[in-house]
Every structure is written in structure tokens, then in C-alpha cells.
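These notes concern the structure reproduced below.
We did not get these values from a lab; they are worked out from the coordinates using the rules stated. Bear in mind the structure is a predicted one, so any value in this text is a computation, not a measurement.
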Amino acid sequence: MDMKSILRTGVILLFMLGRTSVANADTSANNYVEPDFDVQQKYSLKSQKFFQKSLSGLYNVPSWQADSIQQPYSDFATLYQNAELAQHELSVMMHEIALASDAHPIIPTVKSEQRAKVKIAQELNGQVDRITDLSRATLITDDIPSLMQAFELLNKEARIVAVKNRFKNPAPSGYRDLKILVELPKTQLIAEVQLHLDEIATIKNGEEHKIYEQIQKIERTAQAEARPFNDIEQAKIKKLRNISQQMYQDAWQQYLQPTTNVV
């Protein structure tokens, strides 16, 4: 075989191999399935609908209270002793709810005897059985759906006797939460539970608390001097309250525009 024949044979072989590779590539292309982006979109829409349902549910929680909210004891010593037991019962309940709703529980100690007695004397006309926050707890969540889940679980675990929905009707400062009174199933005591969103709780315990202290200082000065606020004080209080309202509003807007995750 001369050199020309060898070269011709090599070219033919290369051509045939090339056709085989192309054919295999075509077969692989036919077997390739594009990612189903509609699936991600479907899940995103599902998450959005769930969020809207949770937000609507939050706005529809009514503020109300039972006709007669009283502790089962009118003797302070007896009530306070049982408040310790109620705090333990409440703590167990809060941790269970937190675990199921992805919330963070904050369980303080029982309100001090001194503060309790002052409140009874100055705010409750000396009626011991009307104090409802000896036992108290807080649940903090990262989003509205988790907050609503915690609320629904609380409603199953204890008898709700009062609700103050400050998400629907915020405080003058712009602060928002759900403040709830429940009757505990075992001790039968009334306890206070607050449901917070994390960013709002952070403002309340940080920057807004500093603003509150500044306003309180101005109020005490005017009260001590037995006079109304002067123009400078009024302007400062107004400015401080506007700052507070804006901080809370900015935080609230973050929760109204959540990042949609695939579920």
C-alpha cells in the first residue's frame, strides 16, 4: 500500500469516528432533561400564599378580654406562692410551643413581691386577685407565619382570656406585639404571654428604650417643677417619638416583604 492510500484510509477512519461521536452526542442531548423551573416557581407561590394567609390571620386576631378576669386567690401570700408553680408550668408550655413553632422562649422570674404589691396598691385598687402578670413569658419569632403558629398552639394548650393585638393597632410609639392573658390548665392561675417579632423586640429593648428614658426624664422634670412642657421640650418629645415610630415602621416593613424560600 503506497503512502497516498494510507493517508486516504486514515481520513476515512477519522470521518467515521467523528460521525459516531456526533451521533452519541445527539443521543445524550435527547436524554438530557432541562431543570423544571416551574417547580421552583410553584413552591415560591405556595410560600407566598402561606405568608399571606398568616398575615391575614394576624390582622384578624381580635383584641378582647373576658368579662371577669381574676386569680383564684385573693390572699397575696397564697397567690404569690402558687405563682412560682404557675411560672414553672408556663415555662414548660413555652418551651414545647417554641420547639414546635421555631420560636425563642424568654422566661423571666416571677414578678418581685415589692413590685407586685406596689402595682396592686396603685393600679388595682388593692384587689390582689386582679394582678395578672406575676407569671409571665415571651416568645420571639423570626417571621409572621411562625408567630401565628405559636399563637395557635398557645390557644390549644391554655385558655385565652384576653388578647391585645398591637400588630393591627400599634402603640403610639409604633411598637407591635400580641399581648395575651391565659388561664393555665393545672394551677388555674392567669399568666401573661407576649408574642414578639425579633427585630421589633430588639428595638424595644435597645434604641426605643433609650428614647423612652429621654422622654420620661423630660416628663419628670416638668412634673417636679409643676409646669407644662415648654416649646423646646414639646419639640424634643415630638422628634424622639417620630424617630421611634420610624424605627418600628422600618422593622415592620421587613416582615411584610419576606424573602421567599423554596419549601
(request) Convert each backbone phi in segment 214-231 into a coupling constant with the Karplus relation 6.51 cos²θ - 1.76 cosθ + 1.60 (shift: θ = phi - 60°), then list the ³J(HN,Hα) values in order as whole Hz, x for Gly and Pro. (result) 5, 5, 4, 5, 5, 5, 5, 5, 5, 5, 5, 8, 6, 9, x, 5, 7, 4
(message) What number results when the radius of gyration of segment 112-158, computed over Cα atoms, is divided by 2.2 N^0.38 Å?
(response) 1.62
(message) A 28 angstrom limit on the alpha carbon distance is what I want to check against. Which of K117/K236; K117/K168; K111/K204; K164/K236; K119/K236 exceed it?
(response) K117/K236; K117/K168; K164/K236; K119/K236
(request) Give the distance, in whole Å, between the Cα centre of segment 92-120 and the Cα centre of segment 145-219. (result) 11 Å
(request) Convert each backbone phi in segment 81-95 into a coupling constant with the Karplus relation 6.51 cos²θ - 1.76 cosθ + 1.60 (shift: θ = phi - 60°), then list the ³J(HN,Hα) values in order as whole Hz, x for Gly and Pro. (result) 4, 6, 5, 5, 5, 5, 5, 5, 4, 5, 4, 4, 4, 5, 5
(request) Under 1.5 on a/c is rounded, so check that first for segment 121-263, then, if it is not, pick prolate when a/b is larger than b/c and oblate when it is not; a ≥ b ≥ c are the square roots of the alpha carbon gyration tensor eigenvalues. (result) oblate
(message) Suppose we keep just the alpha-carbon trace of segment 60-198; what are its Rg and Dmax in angstrom?
(response) 14.7, 41
